[in-house]
1. Counting other Cβ atoms within 10 Å, which chymotrypsin sites (Phe, Trp or Tyr not before Pro) in the stretch 147-200 have at most 16 and lie in a DSSP loop?
2. Extension gain residue 168-residue 71, at 0.36 nm per residue separation less the Cα-Cα distance, in nm?
3. Largest first and in whole Å, give the semi-axes of the stretch 2-113's equivalent ellipsoid, each being the square root of 5 times a Cα gyration tensor eigenvalue.
4. If you fit an axis through the alpha-carbon atoms of helix 226-238 and take the longest principal axis of the Cα set of the chain, what angle between them do you get, 0 to 90°, nearest 10?
5. May I ask for the net charge around residue 314, where only other residues with Cβ less than 15 Å from the Cβ of residue 314 are counted and Lys, Arg are +1 while Asp, Glu are -1?
6. I'd like the distance separating the alpha-carbon centroids of the stretch 406-448 and the stretch 1-50, in whole Å.
7. About its Cα centre, what dipole magnitude does the stretch 2-113 give when the only charges are +1 on Lys and Arg Cβ and -1 on Asp and Glu Cβ, stated in debye to the nearest 20?
8. Could you tell me which of 90, 77, 108 has its Cα farthest along the dipole of the stretch 41-113 towards the positive end, charges placed at Cβ (Lys, Arg +1; Asp, Glu -1), taken about the Cα centre?
Amino acid sequence: MRLLIVGTLKGQLTTATKIAIDNGASVTHASDHEQAMAVLRGGKGADLLLVDVALDIRDLVMRLEAEHIAVPIVACGIASDARAAVAAIHAGAKEYIPLPPDPELIAAVLAAVANDSRELVYRDEAMARVIKLAQQIAGSEASVMITGESGTGKEVLARYVHSRSHRAKKPFISINCAAIPEHLLESELFGHEKGAFTGAVARRIGKFEEATGGTLLLDEISEMDVRLQSKLLRAIQERVIDRVGGSRPVPVDIRIIATSNRNLQEAVRAGTFREDLLFRLNVVNLKIPPLRERPADILELAQHFAKKYADANGVPMRPLSVEARRVLTTNRWQGNVRELENTIHRAVLMASGDEIGPEAILSPEGDRLDASRTPAAVAHATLAAEQVTRALVGRTVADVERDLILETLKHCLGNRTHAANILGISIRTLRNKLNEYADGGLPITPAGAGEPRAFVSMG
């Protein structure tokens, strides 16, 4: 946990520093905005800024945004200055801590920023197998690819691997490759020199250098432009990077963890992801199953979130009723753990009585989850559609097209005109495709709906 304290904190700087260090944080000081920006550009980085409310917090927030530096700000000021506290929050501070600093309050803020509350909670055997593999490889230097649907907890697992490695006391730096514009991502990763491009007002250390000694998480790496992938491959292979506008390579010592919610093998076939980069990253693959495929985790996570949000909102901890449990376990959770967490947060706030009942298990629109559940036939069709979709993954477009054409022709009892109309292609295109398949020795349904025979070329 890296803490950057900005300002004098009304003479409480020494006290606040001691409290933070006692809670495991490494602390850096900056007297003003300029020094703070220099620290952040220089590679030391920070997970949290503790800023004197007497400074212009809005100006600091704007400077951070202008240089695409994402770090939360907590303002500090004298307890009686309510107006300054409100102004700091409006300016962009996440929290306000009164001075003199309270050890428990600072400890709570540090723990929240350090993601101590993002525990790895699981009970299902499917997830247990993933965790066991993560434990086995955590101490190695191998690159790790974590795959799974959105909301399954890929970043949480990445942090778990880092915490179990010999790099655990060094930085864990995360960058979302999908959230940063393509023309800025190279600078974010590798840094830049002053004057390298318009707006490069000073040297900026990138995420690779910031993570030196620790772990760099490349979140949603499948969204990275293929041209930048070649530079990333060199950085991984040679352990050196080139800052934008730089004249000499910079050595780095990091472990790479990448995540993706897409099928990267399919992306390789489509030409949007480099196969050699995939080989480098995918030394170990940790595939997180969707929540609907690990049902034992649903109630375990629900109980965890119920306690977490009861504590956070200062409301009584209520157990889940039997009916509420049934609603939770029968829902399909398309948004996975993230959707479940939000649902339980709402339920904690909406519940009344001694238990959390089904009436408190609501969708974001306020509808009861059990009332809005799809009929059994629709749910079955949805599941069947998902199974068909999964069956397509890993196959080429040409293979899928061939099977669709041949099955449609079979459905039409060999009638070429009807099949072409259903497929939305011309009869000429259909005939050309059938000739191609026949030349390959595939059986083609003849006109007249008899048994399939080898198709004879139509002159």
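1. 197
2. Gain on extension, residue 168 to residue 71, equals 32.9 nm.
3. After diagonalising the Cα gyration tensor, the semi-axes are 19, 17, 12 Å.
4. Tilt of helix 226-238: around 60 degrees.
5. Result for the neighbourhood of residue 314: +2.
6. Cα centroid to Cα centroid, the span is 70 Å.
7. Once rounded to the nearest 20, the dipole reads 100 debye.
8. 90
Laboratory data are not the source of any read-out in this text; all were calculated from the coordinates shown. Since we're looking at a predicted model, the values are computed, not measured. Note that each Cβ is placed from the backbone with ideal geometry, even for glycine, and that neighbours are counted across all protein chains shown.
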